[in-house]
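Have a look at the structure below before the remarks.
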Amino acid sequence: MNFRGLLRVPQNGEKQQYLNRPEWRWYQKYLPEDLRLQGEYIPNEEWWDFEEHQIHLDRYTIKNPKAKMLLFHGGGGNGRVLGAFARMAMRAGCEVVAPDFPGYGLTVRSPKTKPTYALWSKIGSALIDEERKKDELPVIVWGLSIGGLLAYMAAAENKKVDGLIATTLADTHSIKTMTKVGRNSLLGGGGFLFAKLLGPLIDPIRLPMKWLAPMELISNDPEVSRVFMKDRLAGGTTVSMGFLRSLMNAKPAIEPEDFNVCPVLLAHPAIDPWTPLELSKQFFDRIKSKKELVLLEGCGHFPVEEPGRLQLEDALVRFVQQVTYDGMSK
């Protein structure tokens with residue numbers, strides 16, 4: 001297969017494996033050695049059928065896990081891109097499952113259904129149930145970027161989650177938030193109202209993600225941001241206006257003031273120009289559940305820089321211990 005063939009985005013009904021694709025390897029040299037996917041740390045690849053979607057899963061196994069961590073990506077990544085965080089979760093004592101949500105990565109979506117944020121939430125909730133069937137491990141959901149709000153929505157819909165972690169919790173239903181996280185009027189205040197008014201008429205329109213959001217801010221290292229933007233399975237994808245409209249209309253099953261499903265950890269990058277802390281705090285401060293905020297020093301939106309990533313790992317260990325101890329004491 002030629003290089004162009006290697007980078008071809010999967011078509012409907014076509015299953016591929018990351019093992020045979022180069023994109024995820026592009027990120028590895030920018031990561032600390034102990035966060036790279038290599039050798040025994042390359043995950044097993046699985047397929048999970050959900051309502052005619054064939055969801056690609058990366059599974060990382062360890063001996064005698066304390067808990068199971070479900071890793072949810074955001075609008076610039078996919079499950080494999082989150083491998084560095086899977087390694088952190090493994091060291092905290094977790095088996096890890098990282099899905100590709102429809103429209104990203106290698107998941108084969110049903111041609112009958114358009115990707116929406118509500119569908120992502122439904123898949124996240126169903127995956128929680130699916131993993132609970134396999135064993136009695138506590139289940140923790142961890143979302144990065146807009147995957148943070150997704151993790152909250154899935155937990156609120158499912159209500160059988162033992163812990164919730166997010167790196168950001170920006171409320172995409174807020175015009176103020178969308179104005180900040182969008183690149184221009186397509187996602188800002190005027191674009192928000194424009195999309196609301198035109199509704200389904202604009203849903204089929206597809207635009208590059210980098211036109212709609214400041215993908216250059218996904219990392220504080222410009223070289224890493226460029227890798228995300230050229231990866232057509234991640235930040236280099238195109239996004240339908242229908243998906244963006246569904247993101248703007250995202251409404252959780254439980255409002256934060258009433259959310260008491262599980263403890264919440266917000267491990268927020270301290271230097272995140274894309275989603276500043278104040279945007280996440282507007283939602284986080286409303287959450288009723290037991291919660292903790294940890295600021296990751298020196299970290300950008302993709303938090304792998306020192307010393308924040310070590311602070312993140314410490315916070316993960318404490319949180320997993322809290323969740324598993326509370327579960328044993330019930």
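The values are calculated or read from the model by the stated rules, or taken from the named source; none is laboratory data. For clarity, every value in this text was computed on a predicted model and none was experimentally measured. Positions of Cβ are backbone-derived with ideal geometry, glycine not excepted, and every protein chain shown enters the neighbour counts. These accessible areas exclude ligands, DNA and RNA; they are computed on the full protein's heavy atoms, side chains included. Shrake-Rupley method; radii C 1.70, N 1.55, O 1.52, S 1.80 Å.
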Qualifying positions in segment 298-318 - assigned to a loop (DSSP other than H, G, I, E, B) and either out of contact with any strand residue (DSSP E or B) (no Cβ under 9 Å at 6 or more places or on another chain) or buried (at least 19 other Cβ atoms within 10 Å of the Cβ) (or both): CYS299, GLY300, HIS301, PHE302, PRO303, VAL304, GLU305, GLU306
Looking only at segment 43-74, and only at residues there that are within 27 Å of THR238 (Cα to Cα) and part of a loop (DSSP other than H, G, I, E, B), the one that is modelled with the lowest pLDDT: GLU52
Residue check for ASP162: modelled with pLDDT under 95, open to solvent by 30 Å² or more (accessible area, probe 1.4 Å) and either farther than 28 Å from GLN28 by Cβ or over 15 Å from the mean Cα position of the chain (by Cα) (or both): no
Residue match in segment 29-42 (condition: at pLDDT 95 or above, more than 26 Å from ILE123 (Cβ to Cβ) and among the aliphatic types (A, V, I, L, M)): yes
Residue match in segment 203-226 (condition: under 16 Å from PRO22 (Cα atoms), out of contact with any His (no Cβ under 7 Å at 6 or more places or on another chain) and either modelled with pLDDT of 95 or more or not aliphatic (A, V, I, L, M) (or both)): yes
Test: residue in segment 127-134 that is open to solvent by 10 Å² or more (accessible area, probe 1.4 Å), in a helix (DSSP H, G or I), over 17 Å from PRO65 (Cβ atoms) and out of contact with any Phe, Trp or Tyr (no Cβ under 7 Å at 6 or more places or on another chain): yes
Inter-residue pairs, beta-carbon under 8 Å, first of a type in the set (Ser, Thr, Tyr) and in segment 52-70, second open to solvent by 10 Å² or more (accessible area, probe 1.4 Å), 6+ apart: TYR60/TYR41; TYR60/PRO43; TYR60/ASN44; TYR60/ARG87; TYR60/MET90; TYR60/GLU95; THR61/ASN44; THR61/GLU95
Positions within segment 114-143 being within 18 Å of ASN78 (Cβ to Cβ), touching a Pro at 6+ places or on another chain (Cβ under 8 Å) and among the aliphatic types (A, V, I, L, M), in sequence order: LEU119, ILE123, LEU127
